[in-house]
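First the structure, in the form of structure tokens, and then the observations on it.
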Amino acid sequence: MNMIKKFISYYKPHKKLFFLDLLCAFTVAICDLFYPIIARNIINDYVPNQNLRLLIVWSVALLFIYILKAALNWFIQYYGHIVGVRMQADMRRDVFARLQKLPFSFFDENKTGTIMSRIINDLMDISELAHHGPEDLFISIITLIGSFIILSTINVPLTVIIFLSLPPLVWFSMKMRRNMSNAFTKTREEIAEVNASLENSIAGIRVSRAYTNSKYEERKFHNYNESFKAARAAAYKVMAHFSAGMGLFMDLLYLLVLVVGGMFYFKGIINVGDFAMYILFISMFLNPLKRLVQFYEQLQNGMTGFQRFEQLMAVAEEPEAEDAIEIDKLNGVIDFKNVSFQYENGILNEDGEESDENNLILNNLSLHIEQGKTVAIVGPSGGGKTTLCHLIPRFYEISSGEIAIDGHDITTLTRNSLRKNIGIVAQDVFLFTGTIKENILYGNLEATDEEVIEAAKKANIHDYILSLENGYDTYVGERGVKLSGGQKQRISIARVFLKNPSILILDEATSALDNATEMIIQSALEELSRGRTSIIVAHRLSTIKNADEIIVLTDEGIKEIGNHETLIKKNGIYAELYNYQFKEVS
């Protein structure tokens, strides 16, 4: 019931157009009721009595009714669908806004293609239900009630006999409803898997081609496609039972009218005009029943989709304290106080391994970072370096302890104001489909062209951009596919320059680049770090020699702290890692 109320609530912004659509549908239903009555009068009165004037008058009236119906049906078809499309757009707006507030753990657990299927495919069927559902139901009810009243004025016993055939039809429909619901839910799940597989294969097309695994991708997609085909076939089988059963009931109803009505005519209870009127009404009577069949199909499709939409809308947003502080500028003093963290069960950690209850990524970690200092975090894989960086902007919630910035527990700050003060440059750069300028502007959407150019200059990418035919308006392709890794990285650096945050996080920002490109970008990163509290995660230790402080983090916690010279002299883990890399280079 709550789900139905929620669905109805989406009609409210469009209620004027919706009720106008229902008024037109009501008028169409009333118009349909006139034809059998006029036909009966023509057969019983105007033709036998050769009343040409009334025959012409009512024929013209019928013509007017048909023209009116055509106009009303045009309105219903066009504006009725407009209501559905607008409701669909409202739902898509709401679910997209919801996605912007969901925790990162949700995206860790759910495939992109599955989420897209819920937003696109499911809402498409909801749109059809929103338009046709109420309209078909309304017209059917009006036609059935109107038919009963009119037929009762002619012959009550025959009318009662006809309408007594409806309860078995209703019982059959209700019995089939659950089976249809389950079948359509299954098809939703399978088409979501098809979309997820498709999205994943397209995104990784270069990898599959490079490893000549196109046939493997085809087989994988084929399996998902076959599962969907089987689920859809099962759904159509249930629909076939429903439609065939409903068709049989309708045919039997028509036969009932012919047999019983014929007997009433033979006995003189009704005349030929009344008999013809009953036959015409039954033909009309079958139309609302067919509409009800269509309504059930739309209901199952639409409500199954809406149920999945509601499930997505019910996912808890990132928690925000009711009295959270909106802070404009943070200085960048960071404190980790006895922080412990583990990923939720089933979520992959930073090394792609599934965590369990005993797998603490960080355990009782304490750390103080001074304002404006550059702190590098190094250590073996699996020690929690990237995780530590993700905790500062609250991409994930810590299990225990406290993270404070300038003395403020970050859970007491609004996420927006916290993240506004943090800039991130990661190894895996994401560029949005669009132009170079649009991607740099993502750091500050209100920035001027001059500010964009200045940011590009600081990131050492301005001269390259000017060498392009379209300059800053150059289209970068999906995820920046038309640019090299170094070019994408420098654009992401320009984006952070434009944001101008107090805290900078560099997470393996140059590890995927060649040495020449790394040298170019390293100077940009040093410029970017100047005057900011900077946290650098790096495997290439040569890039963090000048850091104010270097922290060696392992799966057992912080093992060493100091600057480069101090840690080399200590001859511990850092010295071993550094000497090993130095030997590799030489």
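The values are calculated or read from the model by the stated rules, or taken from the named source; none is laboratory data. These figures come from a predicted structure and were not determined experimentally. Heads up, the Cβs are rebuilt from the backbone with ideal geometry, glycines too, and the neighbour counts pull from every protein chain shown. With ligands, DNA and RNA removed, areas are computed over all heavy atoms of the protein, side chains included. Shrake-Rupley method; radii C 1.70, N 1.55, O 1.52, S 1.80 Å.
Kindly express, to the nearest 10 degrees and within the range 0 to 90, the angle between helix 272-313's C-alpha long axis and the longest C-alpha principal axis of the chain. With rounding to tens, the tilt is 10 degrees. The shape of the chain comes out prolate: with a ≥ b ≥ c from the C-alpha gyration tensor, a/c is at least 1.5 and a/b beats b/c.
Model label sites at LYS16 and HIS408, defined 7 Å from Cα along the beta-carbon direction, differ in position by 4.4 nm.
Using a simple spin-label model with pseudo-atoms 7 Å out from Cα toward Cβ, ASN271 and SER152 lie 2.4 nm apart. Solvent-accessible area assigned to carbon and sulfur over the chain amounts to 57 percent, based on a 1.4 Å probe. Between TYR236 and ILE30, full extension at 0.36 nm per residue minus the direct alpha carbon distance yields a gain of 70.8 nm. Any of LYS373/LYS437; LYS6/LYS237; LYS175/LYS229; LYS457/LYS499; LYS457/LYS488; LYS385/LYS559 with alpha carbons more than 20 Å apart? Name them for me. As for pairs spanning more than 20 Å Cα to Cα, those are LYS373/LYS437; LYS6/LYS237; LYS175/LYS229. If the chain linking LYS5 and ILE56 were pulled fully straight, counting 0.36 nm for each residue of separation and taking away their Cα-Cα distance, it would gain 13.4 nm.
Summarising the strand pairing of the range 380-523, around 40 percent of its internal DSSP beta bridges are antiparallel. Surface exposure of the chain, expressed per residue as accessible area with a 1.4 Å probe, stands at 52 Å².
Listed by chain and number, the aspartates and glutamates placed with their C-alpha closer than 15 angstrom to that of LYS101 are GLU317, GLU318, GLU320, GLU397; residues fewer than eight positions away on the same chain are left out. Relative contact order of the chain: 14 percent, from C-alpha pairs under 8 Å at least 6 residues apart in sequence. Ranked by the mean number of other Cβ atoms within 10 Å of their residues, highest first, the peptides 366-374, 68-76 fall in the order 366-374, 68-76.
Listed by chain and number, the aspartates and glutamates placed with their C-alpha closer than 20 angstrom to that of LYS16 are ASP90, GLU128, GLU135, ASP136; residues fewer than eight positions away on the same chain are left out. Most tightly packed first, judged by the mean number of other beta-carbon atoms within 10 Å of their residues, the peptides 250-260, 431-441 read 431-441, 250-260. Stretching the chain fully between ARG98 and LEU248 yields a gain of 49.4 nm (0.36 nm per residue, less the alpha carbon separation).
Taking the charge dipole of the chain about its Cα centre, with +1 at Lys and Arg Cβ atoms and -1 at Asp and Glu Cβ atoms, the residue from SER127, ILE491, ILE37 reaching farthest to the positive side is ILE37.
Against the chain, whose longest principal axis is taken from its Cα atoms, helix 52-99 shows a tilt of about 20°.
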